[in-house]
1. Among the listed residues ALA283, ALA273, ALA338, identify the single one that is away from the ligand (no atom under 16 Å from the Cβ), within 22 Å of HIS141 (Cα to Cα) and open to solvent by 10 Å² or more (accessible area, probe 1.4 Å).
2. Among residues belonging to the stretch 179-200 that are of a type in the set (Lys, Arg) and within 16 Å of LEU234 (Cβ to Cβ), point out the one that is least open to solvent (accessible area, probe 1.4 Å).
3. Anything in the stretch 400-417 that is more than 16 Å from VAL243 (Cβ to Cβ) and either in contact with a Gly (Cβ under 7 Å, 6 or more places away or on another chain) or part of a helix (DSSP H, G or I) (or both)? List them, or say none.
4. Counting only residues that are part of a loop (DSSP other than H, G, I, E, B) and either open to solvent by 40 Å² or more (accessible area, probe 1.4 Å) or within 16 Å of the ligand (Cβ to nearest atom) (or both), how many does the stretch 256-270 have?
5. So which residues in the stretch 324-335 are in contact (Cβ under 8 Å) with a residue 60 or more places away in the chain and either open to solvent by 40 Å² or more (accessible area, probe 1.4 Å) or more than 17 Å from ALA149 (Cβ to Cβ) (or both)?
6. Among (1) within 16 Å of the ligand (Cβ to nearest atom); (2) out of contact with any Cys (no Cβ under 7 Å at 6 or more places or on another chain); (3) farther than 17 Å from ASP168 by Cβ, which single condition is VAL314 missing?
7. Could you check how many residues of the stretch 418-454 are farther than 16 Å from SER247 by Cβ and assigned to a helix (DSSP H, G or I)?
8. Which condition breaks for GLU227 when tested against (1) out of contact with any Lys or Arg (no Cβ under 7 Å at 6 or more places or on another chain); (2) closer than 23 Å to ALA405 by Cβ?
Amino acid sequence: MPDALGHLTPDEFREVGHELIEWGARYLESLEEVPVVPSIAPGWLRDQLPPAAPEHPEPWPALLADLDRVILPAIRHWQSPRFMAYFPGNSSPAAVLGELAAAVLGQQGMLWSTSPASTELEQVTCDWLVSLLGLPDAFRHAGGQGGGAIQDGASTSTFVAAVAARHDATGGDPAELPRLRAYASVDAHSSVEKGIRLAGLAPGQLRLVEVDHLRRMRPDALAGAVEADLAQGLRPFLVTSTVGTTSFMAVDPVADIGALAQRHGIWHHVDAAMAGSAGADPALRPLVNDGLVTADSYCFDPHKWLLAGMDCDVLYVADRTKLQAAMSVVPEYLRNAASDSGEVVDFRDWGIPLGRRFRSLKLWFVLRSYGADGLRELVARGHALSLELASRVEAHPKLDLVVPAQLALVCVGHRSGDDGTQRLLDAVNATGAQVTHTRLEGRLVLRVSTGQARTEQRHLDAVWQAIDDSA
Ligand code: PLP
């Protein structure tokens, strides 16, 4: 029996835990069959549940049964091999087990002293990722000025970078804010504009720079925008390059943008949310890592391609003192000897929340259980699947490959126009797979995202069959 509070005894925890793992294993086995998109109407789940939490403890079998009754019917199956929508949100058994271990330990890693294990493992795993992906050494904790910190998402990292850049440019003087100008391409993720707004600037203080025919930011257009602003006495303070844009997987010319940023003393942030993981395959590094040595900050999402499960982004900075200058506030109640010694990292100064959970544990499990070999294979496979599908699209008389495919994304348009493209989208989604769309200068585009870790050639063949049949 649970105690008076309702705590499970360790033996009961063991028993229920085994059942839950068994439930999880059955779920993983079902992924091949389930249609990705649930067929429920909005409000369905809420209608299944009482309006208030129970007055008395409920038995565990009832709780576990409701996973099947209430939760599964309302799940969109992101872990299905037929999930080819948006970008993937790859979890993995290793990440699940890491989450479980972290939850058991219940750490709060705001300071080194409140969780030495969480803090130091985060430093180690972030450094391991530098090696795994071939990122610049400046991003390492070990032996340098920089380092990485786990955040909840690329949006948060991009916002934190904007706040650090703002502080670097203004020294914290609010009177300087109206003069600030930021830059990103017209195809940069919406989180770039959101970050600028959250940093207290008006949307008009972000200049959206034109792109070339491959949807990459044009450095000459960036230079023109920066020079025009300087001529007006404004203060360019932040440029965000994107490695792997959300719509088209375009890679901005990071080295050229970085050189320009350095010339003008502008903070250079690189958003590589999805594509950054591609560095796990050395063959893809020239595409995704070129020019990163010019970055003041860089982020990517191991929760997209690299199997870490939601949520897990890593923000790297080349100079941690600049980040800490913007973020650090030290109240008396958090002072402690280790922090005062200056010998430890306190991750509360590396982002927004004070309290932090033990996310590095799942990353550690993933990195160790797959190894560099497994992660290289994962990335190479997603990339190869996209190239294979792209070659079929290119050879088809009624279809256009609207941008060259790379890094696990294929963008398709029907030559007859948007009705034709919509027909393809509907046909694929009617099979139980899921793809989503974007627009290229008004034209509807079908996006097939091939980075889901379970997706194999046969799943893509079925999608191609639906496209070909409806073309
Ligand atoms: N940046 C890019 C290029 C993205 O593609 C995405 C999401 O797809 C994001 C940022 C936002 O990522 P997150 O959900 O981790 O905030």
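The values are calculated or read from the model by the stated rules, or taken from the named source; none is laboratory data. These figures come from a predicted structure and were not determined experimentally. All Cβ positions, even for glycine, are placed from backbone atoms using ideal geometry, and neighbour counts span all protein chains on display. These accessible areas exclude ligands, DNA and RNA; they are computed on the full protein's heavy atoms, side chains included. Shrake-Rupley method; radii C 1.70, N 1.55, O 1.52, S 1.80 Å.
1. From the options ALA283, ALA273, ALA338, the qualifying one is ALA338.
2. So, considering only residues that are of a type in the set (Lys, Arg) and within 16 Å of LEU234 (Cβ to Cβ), the one least open to solvent (accessible area, probe 1.4 Å) is ARG181.
3. Matches in the stretch 400-417: ASP400, VAL402, HIS414.
4. The qualifying residues number 1.
5. Correct list: ALA325, LEU334.
6. Condition (2) is where VAL314 drops out.
7. So the answer is 10.
8. (2)
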